[in-house]
Amino acid sequence: MTEVKNLSEGIFEVVKDKKQLATKNLDPGKLVYGEKLIPVEGVEYRTWDPRRSKLGAMVLKKFNIPLKEDSKVLYLGAASGTTVSHVSDIVSEGAVYAVEFAPRSMRDLIGLASRRKNVHPILADAGKPDSYAHIVEPVDLIFQDVAQPNQAQIAARNAASYLKRDGYLLLSIKARSIDTVANPKEVFKEEIKKLEQAFESKFEILNAKDLMPYHEDHMGILAKPI
Amino acid sequence: MKINTWFGVLGIGRTGEVLESELFSKDIRELARRSIALQENMQDIPPAGFDLKAAAIECRFVESSAEYYSLLHEVTLEAAKLQVSGALTPDQRIIQAVEALDDINETTNSLSERLFEWYGGYFPESGLNGEALALFIAKYGSRENIGSEDPLYSKARNSMGAKLEAADEILLKSFSESVCSLYERKRQIEAYIQDSMGSIAPNLNLIAGPMLGARLISIAGSLEKLANFPSSTIQVIGASRALFKHLRARAPSPKHGIIYSHPLINTAPWWVRGKIARALAAKLSLAARIDFYSGEKDASLVEKLETKVQQIRASNPKPPQKKQDSGVKPKKKRRK
Ligand SMILES: C[S@@+](CC[C@H](N)C(=O)[O-])C[C@H]1O[C@@H](n2cnc3c(N)ncnc32)[C@H](O)[C@@H]1O
């Protein structure tokens, strides 16, 4: 017997032999990155590997994931679309604006987007949000996973242009490599300080947690406009 | 206020209401091209929080939200495709060739070693290796087939090697043929790189030579990036492992990037190599910039560089004197 538990809107825990994070597959029969398909009572669930996805890890770290069926999402750092595919599953009636600046990754993302009507790929630098102002509407969630030194500024700038007043900002923050000398707690504190500076008290941090054991040197941040 | 959107140019009022609109036609390709142009120009962008979808419906570009998204989807997809195919510039093709060459070299070396070990059991005295060995085996197979006109004839006669059975001979011959064809491919790729460097980066080609020039572009990621590197970076390109060590462990900063394979440096006495490397890096940087921004060939670059190198060598004819002879190892100076 396969058991399905609803963790958050559009996000499930499927228990078949073991517990697995999953979303309902919007592109039936198709795999994106070697995950598994589990049909349960006529619904096809697609497993979601938290080790391959910061957002997946955030779900398991009990972050509140503010997504609904019709949410509009600005996704910064889409890469080849591993996580984008799950966001696309969740916001089945919404829209994902998927920004990625590496042409090589965009090639894969295009493949994904051509099979998913709610994914709108944008080849652009997330550090220049003005460059997609003619395309992107105000959104309910900005998710960012760019792993860049200026990640805090990128988030702040995009939020200022595109986040709705009642929207949320969900960030994967890559801390400077945690070497043996530095205390990880200190390193994370430093990153939060950087974020707060970039936010200029326009956004409030609601939750901040490391993403261990799924991702080393990474922290999840949930924030909203003040 | 006038704003640019992917579906048209709008005049909007204080509260974002659409006052006038000049809508584009619903031609996906056209819309995609416009969108890319807007992405570069960033003029008259909609104000923060502007609801594009509502405006598109309000000015009747589309009738419904569903139509808006389906059109937007096609346009973004088409624009991304155009941009990705445009990103495959000639320098990216050279990079693929350089990487293919590295892969082929690696494979050929390991297959050649395998062949050397393998055939060594049957004719250890051949003294051949690499492509020569592969050609030899492809031609003769067993050493018993060597004709008396071949210089290896007597060695083959007296070899202590084992007898090569027919089945093994077939295997070895076809394996050797594959190795030979890899050497062929290698030359083909090298010729391709030589040709393309002459047209894509003529100045870099003149100063660095095609292979070094192509490697510099490859490691930098593109000709544009190379052109934007300061010459101090060009000097250490390819020394990344050493550079990493330098950053982490404060080891002395590396001076040996791949430009050290340049004949002007590797034929120079050791004590002027650093100076020549700096001069060379400066000229390479200039050459990359000219290639990227104008593309005009400037033959005077090479002359200037050679003059400069002669000056360096003339004013440093002897190795520097050791400062002390006390037996204590002098502390290594850190380079800036
Ligand atoms: C860690 S990966 C993202 C992985 C992805 N979120 C997933 O889970 O499937 C970071 C990506 O961000 C992209 N990136 C980094 N800086 C960027 C920028 N300024 N604008 C757009 N994309 C950027 C990189 O090219 C890379 O593909």
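The values are calculated or read from the model by the stated rules, or taken from the named source; none is laboratory data. Because the structure is a prediction, the values reported are computed rather than measured. For neighbour counting, all protein chains shown are included, and Cβ atoms are generated from backbone atoms with ideal geometry for every residue, glycine included. Calculation scope for accessible area: heavy atoms of the full protein, side chains included, ligands and nucleic acids excluded. Shrake-Rupley method; radii C 1.70, N 1.55, O 1.52, S 1.80 Å.
So, in region A:111-134, of the ones that are in contact with a Leu (Cβ under 7 Å, 6 or more places away or on another chain) and open to solvent by less than 30 Å² (accessible area, probe 1.4 Å), which residue ends up farthest from B:Asp44 (Cα to Cα)? Break it down into steps so the answer makes sense when it comes.
Step one: of region A:111-134, the residues in contact with a Leu (Cβ under 7 Å, 6 or more places away or on another chain) are A:113-114, A:116, A:119-121, A:126, A:134.
Restricting the remaining residues to those that are open to solvent by less than 30 Å² (accessible area, probe 1.4 Å) gives A:113, A:116, A:119-121, A:126, A:134.
Details: A:Ala113: 28, A:Arg116: 31, A:Val119: 26, A:His120: 22, A:Pro121: 22, A:Ala126: 19, A:His134: 9 Å.
This residue is A:Arg116.
Checking each residue in region B:37-63 for being surrounded by fewer than 16 Cβ atoms within 10 Å (Cβ to Cβ) and under 30 Å from B:Val84 (Cα atoms) picks out B:Ala37, B:Glu40, B:Asn41, B:Met42, B:Gln43, B:Asp44, B:Pro47, B:Ala48, B:Gly49, B:Asp51.
Table: residues versus (1) in contact with a Ser or Thr (Cβ under 9 Å, 6 or more places away or on another chain); (2) more than 9 Å from chain A (Cβ to nearest Cβ); (3) under 21 Å from B:Ser199 (Cα atoms).
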| position | (1), (2), (3) |
| --- | --- |
| B:Ser70 | no, no, no |
| B:Thr76 | yes, no, no |
| B:Ala80 | no, no, no |
| B:Val84 | no, no, no |
| B:Ala87 | no, no, yes |
| B:Asn105 | no, yes, no |
| B:Thr108 | no, yes, no |
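Looking at B:Lys53, is it within 30 Å of A:Pro225 (Cβ to Cβ) and either part of a loop (DSSP other than H, G, I, E, B) or among the basic types (Lys, Arg) (or both)? Here the answer is yes, as B:Lys53 does meet what is asked. Restricting attention to region A:139-157, the residues that are more than 10 Å from the ligand (Cβ to nearest atom) and within 17 Å of the chain's Cα centre (by Cα) total 7. Of all residues in region B:89-107, those that are under 26 Å from B:Gly130 (Cα atoms) and not in a helix (DSSP H, G or I) total 0. Can you tell me which residue within region A:163-176, out of those that are more than 18 Å from A:Val84 (Cα to Cα) and away from the ligand (no atom under 14 Å from the Cβ), is most open to solvent (accessible area, probe 1.4 Å)? Residue satisfying both the conditions and the ranking: A:Arg165.
Looking at the structure I just gave you, is A:Pro103 modelled with pLDDT under 95, within 14 Å of the ligand (Cβ to nearest atom) and surrounded by fewer than 24 Cβ atoms within 10 Å (Cβ to Cβ)?
So A:Pro103 passes the test.
Only one of the numbered conditions (1) outside any helix (DSSP H, G or I); (2) more than 14 Å from chain B (Cβ to nearest Cβ) is not met by A:Lys189, and that is (1). For the structure I just gave you, tell me whether A:Ser88 is under 23 Å from A:Ala133 (Cα atoms), surrounded by fewer than 24 Cβ atoms within 10 Å (Cβ to Cβ) and within 12 Å of the ligand (Cβ to nearest atom). So A:Ser88 does not fit the description; no.
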